[in-house]
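K.L.:
Right, I'll just put the structure down here and ask away after.
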Amino acid sequence: MFRNQIIEGDPAQVLKDVPARSVDLIVTDPPYLVNYRDRDGRSLRNDTNAGGVMPVFDPMARAMKPNSYAVIFAGWSALPQFTAARQAAGLKIVSQIIWQKRYASHKSFTEYRHESAFVLAKGNPAKPTHPLPSVMDWVYSGNRRHPTEKAVDILTPLICSFSKPGDLVCDPFSGSGSTSVAAALTGRNYLGIDIDPAHVTTAQNRLVGVARFQAYKSERAA
């Protein structure tokens, strides 16, 4: 029942109901705990509440299969909290990926011109056959559907590198559903979870569109 669904709810609570050792890959972009506001004033649920983010790591690790990966986007400002949570859950960092931006998304002590994610491992998963570069170019989504929307083009290489067709890819902070879209388009199953009902509806609608597109392609190929 947890395949190919976008579920509304607190991610830590929903993940407690997901069967243990059933998820092949986690790819997610949790709130960075920075009280983010975009140029239109949009914000994120729990972006000032560590208690709404850090409890996800333990049930997330429980849901992951032995010897599997999680790719977690994260900012530098809350790294102590993220580090403590992932260590307590038994997840180790095995790599980091940096995306270089052609523009500054924020200016403070420096211009912010990159995004980053940590590759975490549960156990000792096999290394990818074709490892990704540790530095890649950023693809801007336009943030039309969500204030921190990740482009499908960014997520697709992660899913292809750290999982295989037929696997279950889970995004506990689903947002507009880009991870699930990338999973579906590459022949994976998906599970998206988000606490915001508006974003859940957006993601569900996007996945309906993906299903229609795939059905159309199948008809054309028949």
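K.L.:
Within region 130-222, which strands (runs of 3 or more DSSP E) (wholly inside it) include 3 or more residues that are β-branched (Val, Ile, Thr) and within 23 Å of Val56 (Cα to Cα)?
P.N.:
Strands (runs of 3 or more DSSP E) meeting the threshold: none at all.
For (1) touching a helix residue (DSSP H, G or I) at 6+ places or on another chain (Cβ under 7 Å); (2) basic (Lys, Arg), each residue gets a yes or a no:
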site: Ala184; (1), (2): yes, no
site: Tyr190; (1), (2): yes, no
site: Thr202; (1), (2): no, no
site: Arg206; (1), (2): yes, yes
site: Ala215; (1), (2): no, no
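K.L.:
Here is a follow-up. Based on what the data block shows, is Gly177 under 23 Å from Leu15 (Cβ atoms) and of a type outside the set (Phe, Trp, Tyr)?
P.N.:
Yes; evaluated as a whole, the condition is true for this residue.
K.L.:
Looking at Ala78, Ala89, Ala61, which one is over 24 Å from Pro157 (Cα atoms) and modelled with pLDDT of 95 or more?
P.N.:
One residue alone meets the criteria, Ala89.
K.L.:
Right, something else. For residues in region 104-155 being surrounded by fewer than 19 Cβ atoms within 10 Å (Cβ to Cβ) and among the β-branched types (Val, Ile, Thr), which is nearest to Gly187 (Cα to Cα)?
P.N.:
Looking at residues that are surrounded by fewer than 19 Cβ atoms within 10 Å (Cβ to Cβ) and among the β-branched types (Val, Ile, Thr), I get Thr129.
K.L.:
What number goes with the only condition from (1) surrounded by 16 or more Cβ atoms within 10 Å (Cβ to Cβ); (2) closer than 21 Å to Met54 by Cα; (3) of a type outside the set (A, V, I, L, M, F, W, C) that Pro197 does not pass?
P.N.:
Of (1) surrounded by 16 or more Cβ atoms within 10 Å (Cβ to Cβ); (2) closer than 21 Å to Met54 by Cα; (3) of a type outside the set (A, V, I, L, M, F, W, C), only one is false for Pro197: (1).
K.L.:
Condition test on Val34, is it more than 29 Å from Ala126 (Cβ to Cβ) and of a type in the set (A, V, I, L, M)?
P.N.:
It is true that Val34 is more than 29 Å from Ala126 (Cβ to Cβ) and of a type in the set (A, V, I, L, M).
K.L.:
Does region 102-124 include one or more residues that are outside any strand (DSSP E or B), over 27 Å from Leu91 (Cα atoms), basic (Lys, Arg) and at pLDDT 95 or above?
P.N.:
Yes; the residues of region 102-124 include at least one that is outside any strand (DSSP E or B), over 27 Å from Leu91 (Cα atoms), basic (Lys, Arg) and at pLDDT 95 or above.
The values are calculated or read from the model by the stated rules, or taken from the named source; none is laboratory data. Worth saying up front: this structure is predicted, and the values here are computed from it rather than measured. Virtual Cβ from ideal backbone geometry, glycine too; neighbours counted across all protein chains shown.
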